[in-house]
Amino acid sequence: MSAILTLNAGSSSIKFGLFDADTLEEEAGGQVEKIGGKTELDLEIPGQPKLERRIPAANHQEAVTAILAAIAPYLDGREVVGMGHRVVHGGPDHAAPLVLDEAAIAALTRLEPLAPLHQPHNLSAVRAARRAFPETLQVACFDTAFHRGHPWVNDTYGLPRRFYDMGVRRYGFHGLSYAFIAGKLAEDWPALHAGRVVVAHLGNGASLCAMEGGRSIASTMGFSALSGLCMGTRPGQMDPGVLLWMLDDQGMSSVEITRVLYKESGLKGLSGLTNDMRALLASDVPEAAQAVDYFTDRVAQEVAAMAATMGGIDALVFTGGIGENAAPIRARVLDQLAFLGFALDASANASGGTRISSGLPALVLPTNEELVIARAVRDALRGRARA
Ligand code: ADP
């Protein structure tokens, strides 16, 4: 009996999950938030009330140490035989999880310029985990990997070809979530899995994936996690001429522009209030309603674009915090897409049903990125045992 630990590190937070290494039953999960500040650790054990505690954690290393201490009682003497890490960028070469050694970590570190706000934090958790468990198998699972089979037209921009060769490609992200949904479709909705499905991962970050036969054909996210849909604090699709105007006319620095694009735009910037969709839906401020209008219109536009790239659509899946929980958003998207054949089932949508339309199927499927990471670790452990 042994265990697998998954880590999903952001700039100031680390989500974690503890799984039985054989059954992949999730035994504990939670997150450390506000690393470097008033750090808090939340621990959730299935069937028990959530535990919240303040912990000292000045950096990711200390946060990982705190996570290990928090899960120790649930290990019950078992060994952590593998650790899985969400790593945002695998670059052009990685279409599958990667067992990490020093050379692999160095190679992933060279990709940091492609995801400067995420990759360094992902890798600092990897380094902290390796220091804590030097003998344990460490596996990186990439947000980009699921999309690496994109046809060339959906992998490039209309720039001079040398930029493609230099790595300016439409990588796409949220791949762990899409891999989970593809697996769920294969299990429970095999006819849809075989067809043309648009998956809408709508959370703080948001994107769509066009899937044919369970494989990614296109994504609304591209070179960075900025493009495509309107997000919590990111603008999504915009004219690159705006960036030139910010630089040349407004004299803004790249640091200022980065802050606007990653932290101050999207639902937060448009509403002037918050990036929290629940709060926006409850607000009677006109700008909140406008932000929601922009968000839903962008989703509907891009679903239609994804359908066009696949030559049709057989189903739409909603997932992510907004996709799974915000019934009014799903209703508005489906109403706008009625021309494609969706007919909202208002009562199923409001009551938490899985299928929320008659006509063309629209489904709500909760995602589980941690489980995708745990599966990858188990596969790597089995591969190692066979070798
Ligand atoms: P992240 O991308 O950070 O993982 P999540 O997938 O957790 O984000 O999604 C967070 C978003 O989900 C927030 O905008 C939040 O308001 C929204 N959300 C969560 N629950 C609800 C709900 N019941 N109604 C509307 N929005 C919700």
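The values are calculated or read from the model by the stated rules, or taken from the named source; none is laboratory data. Since the structure is predicted, the reported quantities are computational estimates derived from the model, not experimental observations. Here the Cβ positions follow ideal geometry from the backbone for every residue, glycine too, while neighbour counts run over all protein chains shown.
Counted as qualifying within the stretch 132-247 are the helices (runs of 4 or more DSSP H) with 1 or more residues that are more than 14 Å from the ligand (Cβ to nearest atom) and either at pLDDT below 95 or aromatic (Phe, Trp, Tyr) (or both), namely 161-165.
Exactly one residue among LEU273, LEU267 is touching a Ser or Thr at 6+ places or on another chain (Cβ under 9 Å), within 14 Å of the ligand (Cβ to nearest atom) and outside any loop (DSSP other than H, G, I, E, B), and that residue is LEU267.
Criterion applied to ARG278, ARG259 was being surrounded by fewer than 17 Cβ atoms within 10 Å (Cβ to Cβ), within 13 Å of the ligand (Cβ to nearest atom) and in a helix (DSSP H, G or I), and the one residue passing it is ARG278.
Number of residues in the stretch 202-228 that are in contact with a Leu (Cβ under 9 Å, 6 or more places away or on another chain) and more than 18 Å from LEU117 (Cβ to Cβ) equals 7. Among the residues of the stretch 91-107, those that are surrounded by 15 or more Cβ atoms within 10 Å (Cβ to Cβ) and more than 19 Å from MET166 (Cα to Cα) comprise PRO97, LEU98, VAL99, LEU100, ALA104, ILE105.
Here the stretch 308-332 is the region considered, the condition is being among the β-branched types (Val, Ile, Thr) and farther than 12 Å from VAL197 by Cβ, and the residue that is nearest to the ligand (Cβ to nearest atom) is ILE322.
So, THR144, is that one in contact (Cβ under 8 Å) with a residue 60 or more places away in the chain and crowded, with 24+ Cβ neighbours inside 10 Å or not? Answer is no for this residue.
Condition check ((1) of a type in the set (Phe, Trp, Tyr); (2) under 18 Å from the mean Cα position of the chain (by Cα); (3) crowded, with 16+ Cβ neighbours inside 10 Å) across all residues:
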{"position": "SER347", "(1), (2), (3)": "no, no, no"}
{"position": "ARG355", "(1), (2), (3)": "no, no, no"}
{"position": "GLY359", "(1), (2), (3)": "no, no, no"}
{"position": "LEU363", "(1), (2), (3)": "no, no, yes"}
{"position": "VAL372", "(1), (2), (3)": "no, yes, yes"}
{"position": "ARG378", "(1), (2), (3)": "no, no, yes"}
{"position": "GLY383", "(1), (2), (3)": "no, no, no"}
{"position": "ALA387", "(1), (2), (3)": "no, no, no"}
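Close contacts from the stretch 374-386, counting a first residue that is among the polar types (S, T, N, Q) and a second that is surrounded by fewer than 20 Cβ atoms within 10 Å (Cβ to Cβ), with Cβ to Cβ under 7 Å and a gap of 6+ residues or different chains, come to none at all.
Cβ-Cβ distances below 6 Å connect the following pairs, each with a first residue in the stretch 164-182 that is closer than 16 Å to HIS94 by Cα, a second residue that is in a loop (DSSP other than H, G, I, E, B) and of a type in the set (Gly, Ala, Ser), and a separation of six or more residues or different chains: ARG170/GLY222; PHE173/ALA225.
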